[in-house]
Number of protein chains: 2
Amino acid sequence: MSQNQTTRPTESELEILQILWEHGPSSVRFVNDKLNEEREVGYTTTLKLMQIMADKGLVKRNTESRTHIYEAAAGESDMQQRLLKRFVDKAFRGSAMKMVMQALGNHEASAEELDEIKALIRRLESGEGD
Amino acid sequence: MSQNQTTRPTESELEILQILWEHGPSSVRFVNDKLNEEREVGYTTTLKLMQIMADKGLVKRNTESRTHIYEAAAGESDMQQRLLKRFVDKAFRGSAMKMVMQALGNHEASAEELDEIKALIRRLESGEGD
DNA sequence: AAGTATATACGAAAGGATTCGTATAAGCAA
DNA sequence: TTGCTTATACGAATCCTTTCGTATATACTT
């Protein structure tokens, strides 16, 4: 049944994880309602997906009450880290810096955001990276 | 047949595009050989994939000689931009800056790379962004 | 010319993701 | 209790991606 924790979510699964990260442990009904704020999805579709995710180990579920409660198995940052690594490999041939440059160059960063990044760079340069 | 230019490549298709971007217009044989440096892939598999890509409009092909020559339809940066946007939306809920911070925080940037980024930030701050 | 090597075209199998219909069980309301 | 609402479970259809077998055409070699 449950797989190792390096399983990658599909796009639909990731969409569900986003909801779980944002709202915490939730029922299928709740997740499905949230999804339907964006696009039409049948209830059993969402249910099936979440069952598969439980199977893959992407979510944990509490089956004590009739309404099962699902919770993301990994933290959002952990998952982002994993997905980012793979994305950089696939789309930027492994060059994270190239990707950062692209992102910075195109994404209209605010002064505050740039300050944040500068602060981070200072920390990195002073060897406190990590 | 040929689709609009916002078609997204699958992972396998992206792998082929990488080769085309790196080496320029190429034959199926050449691409297949390159792929086989990484992992085993049958020739007709690569052929089929590239035909589908031509169909989708991801590559252009010159069929004048017996050996067709394929070329990426979009530039690497254009495609990266497109993929990056979608990735940020899906994995970082649209926050490019959050993603940049993650990437910087974890990817052991060299001093030179950090300098590059600092230079870019200076340019952005002086309003020359774009 | 005959045989070999190499190309594309086509179709279809295999696997995974996504969707949902239907069955069944549990709780609630009259 | 009987019926209505709302859960989960299960199986299967559909669609997309990936893979490759086979057919056929084109060029090269002797």
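The values are calculated or read from the model by the stated rules, or taken from the named source; none is laboratory data. All of these numbers come straight from a predicted model, not from anything done at the bench. A quick note on method: Cβ atoms are made from the backbone with ideal geometry, for glycine too, and the neighbour counts reach across all protein chains shown. Only protein heavy atoms, including side chains, enter the accessible area calculation; ligands, DNA and RNA are left aside. Shrake-Rupley method; radii C 1.70, N 1.55, O 1.52, S 1.80 Å.
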Open item on the list: Placing the label point 7 Å from Cα along the Cα-to-Cβ direction, what are the distances from A:Glu11 to the equivalent spots in the other copies, shortest first, in nm to one decimal?
Closed with: 1.5
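Which order do the peptides A:17-28, B:108-119 take when ranked by the mean count of other beta-carbon atoms within 10 Å per residue, highest first? Don't skip to the answer; put the middle values down first.
Numbers: A:17-28: 17.1, B:108-119: 14.5.
Listed from highest to lowest mean packing, they are A:17-28, B:108-119.
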- [ ] Run down the lysines and flag those whose C-alpha is under 24 Å from the C-alpha of A:Lys98, throwing out any fewer than 8 positions away in its chain.
- [x] A:Lys85, A:Lys90, A:Lys118, B:Lys34, B:Lys85, B:Lys90, B:Lys98, B:Lys118
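With n ≥ 4 as the cut-off for DSSP H runs, can you work out [θ] at 222 nm for the protein assembly as shown, using -39500 (n - 2.57) per run divided by the number of residues, rounded to the nearest 500? Walk me through the intermediate numbers first.
Values: 12 runs with 157 residues, N = 260.
Taken over the protein assembly as shown, the calculation gives -19000 deg cm²/dmol.
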Task: Folded to 0 to 90 degrees: helix A:43-56 orientation relative to chain A principal axis, Cα - done: 70
Open item on the list: To test your reading of the geometry: what angle, between 0 and 90 degrees and rounded to tens, separates the Cα axis of helix B:28-38 from the longest principal axis of chain B?
Closed with: 50
Task: Label spacing, shortest first and in nm, from B:Arg123 to its equivalents in the remaining copies (7 angstrom along Cα→Cβ) - done: 2.6
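Mind checking the per residue accessible area of the protein assembly as shown for me, 1.4 Å probe, whole number of Å²? Show your work: numbers first, answer last.
Details: 14850 Å² over 260 residues.
The answer is 57 Å² per residue.
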Task: With Cα atoms, 0 to 90° folded angle of helix A:76-91 axis to chain A main axis - done: 60
Open item on the list: Less than 14 Å Cβ to Cβ from B:Asp115, Lys/Arg counted +1 and Asp/Glu -1: what total charge do the surrounding residues give?
Closed with: +1
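Within the set of other residues whose C-beta is less than 13 Å from the C-beta of B:Ala74, count the net charge using Lys and Arg as +1 and Asp and Glu as -1.
The answer is 0.
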Task: Vicinal HN-Hα couplings computed from phi for segment B:92-101 (Karplus, 6.51 cos²θ - 1.76 cosθ + 1.60; Hz; Gly/Pro x) - done: 10, 6, x, 8, 5, 5, 4, 5, 4, 4
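What's the average, rounded to a whole number, of partner chain beta-carbon atoms within 10 Å of each residue's beta-carbon in B:75-83?
Working: counts 0, 4, 4, 0, 1, 8, 4, 1, 6.
That works out to 3 on average.
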- [ ] Mind pulling the per residue volume of the convex hull built on the Cα atoms of chain B? Å³ is fine.
- [x] 158
Task: Shape of the protein assembly as shown, Cα gyration tensor, a/c cut at 1.5 - done: oblate
- [ ] Could you calculate the FRET efficiency of A:Glu22 with A:Glu108 from 1/(1 + (r/R0)^6), where r is the beta carbon distance between them and R0 is 22 Å, rounded to 0.05?
- [x] 0.35
Open item on the list: Measuring nothing but label to label, 7 Å from Cα along Cα→Cβ, what are B:Leu47's distances to the other copies in nm, shortest first?
Closed with: 4.7
- [ ] Mind listing the long-range amide H neighbours of B:Gly57? Cut-off is under 5 Å, sequence gap 5 or more, other chains count too, H placed in the peptide plane at 1.01 Å from N.
- [x] B:Gln3
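Please compute the length gained on full extension between A:Glu64 and A:Ser95, using 0.36 nm multiplied by the number of residues separating them and subtracting their Cα-Cα distance.
Working: separation 31, 0.36 × 31 = 11.16 nm, distance 4.61 nm.
Gain on extension, A:Glu64 to A:Ser95, equals 6.6 nm.
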Task: Percent carbon-and-sulfur accessible area, segment A:1-123, ignoring ligands, DNA and RNA, probe 1.4 Å - done: 46
Task: Computed over segment B:11-72, Kirkwood Rh from alpha-carbon pairs, angstrom - done: 11.3
TODO: Could you work out the local net charge near B:Thr7, counting Lys and Arg as +1, Asp and Glu as -1, over the other residues with Cβ closer than 11 Å to its Cβ?
DONE: +1
